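Encoded as structure tokens, the structure appears first; notes follow it.
What follows draws every value from the coordinates through simple rules; no lab data is involved. Just so you know, these numbers come straight off a predicted model, no measurement behind them. Glycine also receives a Cβ, built like all others from the backbone with ideal geometry; neighbour counts cover every protein chain displayed.
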């Protein structure tokens, strides 16, 4: 009997030690399996202690899942359940179990600094989650973080990289997402009311275990020096997050550029989010902006499907130039991410209502996709390499992009002020091609405006940290321009807006020359106004562009 007791004690200690080792210590969670009742509590150090009795461990493992109520969540819409939610995921992560929310439950989540780490499939089902941001302890602490159990690998021997390099001399345990930085070079040096000093040169790309680069998302910069390079192992198995009706009670903070990141942060590759809904209530006449309820970063192969989102109300602040600026605020964001798809996504707001900011922000991404989406905006701030929009409708903020590669828009309707806006604050640059096929353009949602397909602005006097390009080739096939409502002096739509009204002859000198479009291919472009498509109001600026019909 003594030996049986000792063996049980030994196994208990092993399980306890293993749990403590694997639990996400940065979130102050400790999982044990002592011969005590199943309970969740915090100690005097504010560490979250999760004890699941050996009997319950066996029961949950046999079922292959654990519910929030199994560990004590009330789900009554009043009790703050975040500790139990976080504890449930910590236990599930340790044993590889599915997590299920309880049908009909309403989980209230207050402003406590506690993040639930998701590493296993999670079914939020029909449950309701109320995220109260009126009193938040740490605005940067996400409510959920989807993370990998695979550890990042520091790469010490890689000192330089070349654009379109096909292989790196290294050996890895499997496919990885490589993130690389040169802090000695600044790019995306922003111009305008939100001017800044730029960001460190950055790239992300995928390699196999032998260092072969996936050329569908190639290296886009020359790195003469590298200050940091990391390999993030890519999980083989798909992690699924499904269902859930989330409502954010908006913060009441001062309207300035201090972002709230109180949603679901996805930091693991191979993730599917499906059937999620996000709503917002409580927005008043002021508030701080949001960085994205779904915040995707440092990962690859993420799909958001059949999901309903909500645009945030637009507030204003004083920009670095000392003038009023709108605060960008988002329900979707993607940063340093590759192969990210949004499929059949929509939003609760009217996509033409300018009271609400555009729904997506992205930086340093590759291969972004909208398919069957109805959203107010697609936006690439600090560059996207390759983007596709198809079978979709874009609202009042339209398509805003800078970057490289191929920008494809097909079978879609765009209701912005231009069909594509090349962002002037980052140099109106697209180093590659633009393809528009089988689309409808409704300028400014049908308001009376002078229509341009491609807008932007470039003075040639500001250093953005890179050479700026217009798309080398633009192909437009089967485009219908619904410009029936237009100003009295309307001469017809233009391919290009007037990118530089001061540049009307050869006397104007660009300190940083703009590489113009080489050719535009037009096939079957029609207008409701019956007025012909023109190249631009500034003929000099685009005098060397070849138009092929």
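Structure notes:
- The separation of segment 385-428 from segment 259-286, counted between C-alpha centres, amounts to 23 Å.
- For segment 363-471, the gyration tensor built on C-alpha atoms gives an oblate shape. Its axis ratio a/c (a ≥ b ≥ c) is at least 1.5, and a/b is not larger than b/c.
- With neighbours defined as other Cβ atoms within 10 Å of a residue's Cβ, the residues 285, 70, 56 order from fewest to most as 285, 56, 70.
- Relative pair counts by distance (%), Cα atoms of segment 258-548, 10 Å bins: 6, 28, 35, 23, 7, 0
- The ratio of the alpha-carbon radius of gyration of the chain to the globular-protein estimate 2.2 N^0.38 Å is 1.07.
- The alpha-carbon atoms of segment 155-309, seen along their principal axes, cover 53, 41, 23 angstrom, with the largest extent given first.
- Helix 82-95 and the longest principal axis of the C-alpha atoms of the chain enclose an angle of approximately 80°.
- Segment 494-549 - Kirkwood radius from inverse mean 1/r over Cα pairs (Å): 12.8
- Residue order, fewest to most beta carbons within 10 Å, for 219, 340: 219, 340
- Diffusion of segment 101-168 by Stokes-Einstein, at 10 °C in a medium of 1.306 mPa s and with Rh set to the Kirkwood radius over alpha-carbon pairs, works out to 99 µm²/s.
- Among 515, 52, 545, 31, the order by Cβ neighbours within 10 angstrom, fewest to most, reads 515, 545, 31, 52.
- Entry for segment 153-233 at q = 0.23 Å⁻¹: log10 I(q)/I(0) = -1.04, Debye formula applied to identical alpha-carbon scatterers, no solvent contribution.
- Of the peptides 32-43, 459-470, the ranking by mean beta-carbon count within 10 Å, highest at the top, reads 459-470, 32-43.
- The chain: calculated mean residue ellipticity at 222 nm from DSSP helix runs of at least 4, using -39500 (n - 2.57): -2500 deg cm²/dmol
- The gain in end-to-end length when the residue 326 to residue 113 segment is fully stretched comes to 73.8 nm, 0.36 nm per residue minus the alpha carbon separation.
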